[in-house]
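The structure under discussion appears below in the form of structure tokens.
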Amino acid sequence: MRSRVGRQMVFGLVLSLVLLTVPAAGAEAAPRQDDLPTWSWPLEGPRVILAPYRAPAHEYGAGHRGVDIAAAHGVAVRSPADGIVAFRGTVVDRPLLTIDHGGGLVTTFEPLLSPLSPGDAVAEGDVIGVVDAGGHAPPGSLHVGVRLDGEYINPMLLFGEVPRAVLLPCCAPL
């Protein structure tokens with residue numbers, strides 16, 4: 001009896017160690033801001049975020065996979081980094097442009113009217129188009145989404161705008 005209990009304890013300990021060291025399926029570590037490049041802001045003028053990035057709870061969950069930036073209709077939009085145009089076209093009711101920046105980073109801008117074509121090279125700061133109308137973003141805004149290796153991340157990580165979290169005291173003394 002003693003050896004059976006001992007084997008069960010050893011098995012339980014080994015299983016616990018394995019489960020603690022193997023990440024759960026789909027559990028990817030969020031990118032650290034220090035590990036990402038710093039990009040240029042895509043618009044001239046003040047940085048006004050109308051709708052921030054909200055990560056979904058799971059791949060198909062509700063969220064906001066980008067940021068909506070205040071931008072008047074017709075305002076020029078610039079490439080935040082060097083890249084190659086991967087897509088330009090209309091999806092549902094909105095014109096958009098996607099740029100592959102290499103290293104697994106891809107940006108999408110919508111609604112954006114652009115003269116560029118897939119395969120065109122863009123340099124950081126090049127005008128890539130102008131803000132148009134349509135899509136889910138409110139009129140007078142530009143939606144910017146960023147994917148890293150196919151997963152959406154907070155674009156503000158690349159623009160150096162996400163402040164570090166600060167833990168505050170939980171409760172006031174009584």
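The values are calculated or read from the model by the stated rules, or taken from the named source; none is laboratory data. All values derive from a computational prediction rather than experimental measurement. Note that we place each Cβ from the backbone using ideal geometry, even for glycine, and neighbour counts take in every protein chain shown. Surface accessibility is based on the protein's heavy atoms, side chains included, excluding ligands, DNA and RNA. Shrake-Rupley method; radii C 1.70, N 1.55, O 1.52, S 1.80 Å.
General observations
- For the stretch 50-87, a tally of residues being more than 22 Å from Gly134 (Cβ to Cβ) and among the acidic types (Asp, Glu) returns 2.
- The residues on offer are Pro139, Pro115, and the sole one that is modelled with pLDDT of 95 or more, in a loop (DSSP other than H, G, I, E, B) and open to solvent by 80 Å² or more (accessible area, probe 1.4 Å) is Pro115.
- Residue check, Phe109 more than 20 Å from Pro138 (Cα to Cα) and either assigned to a strand (DSSP E or B) or within 20 Å of the chain's Cα centre (by Cα) (or both): no
- Filtered by the rule that a residue be open to solvent by 20 Å² or more (accessible area, probe 1.4 Å), out of contact with any Pro (no Cβ under 9 Å at 6 or more places or on another chain) and within 20 Å of Trp39 (Cα to Cα), the stretch 77-112 gives Asp82, Asp100, Gly102, Gly104, Val106, Thr108.
- In the stretch 64-106, residue modelled with the lowest pLDDT [restricted to those that are part of a strand (DSSP E or B) and polar (S, T, N, Q)]: Thr90
- Verdict on Val130 being closer than 14 Å to Pro42 by Cβ and either basic (Lys, Arg) or open to solvent by less than 20 Å² (accessible area, probe 1.4 Å) (or both): no
- Taking residues in the stretch 73-94 that are under 21 Å from Leu105 (Cα atoms), and partners anywhere that are among the charged types (D, E, K, R) and crowded, with 20+ Cβ neighbours inside 10 Å, the pairs with Cβ atoms closer than 8 Å and at least 6 places apart or on different chains are Val91/Glu110.
- Residue within the stretch 54-63 that is surrounded by fewer than 13 Cβ atoms within 10 Å (Cβ to Cβ), over 17 Å from the mean Cα position of the chain (by Cα), in a loop (DSSP other than H, G, I, E, B) and free of Cβ contacts under 8 Å to residues at least 60 places away in the same chain present: no
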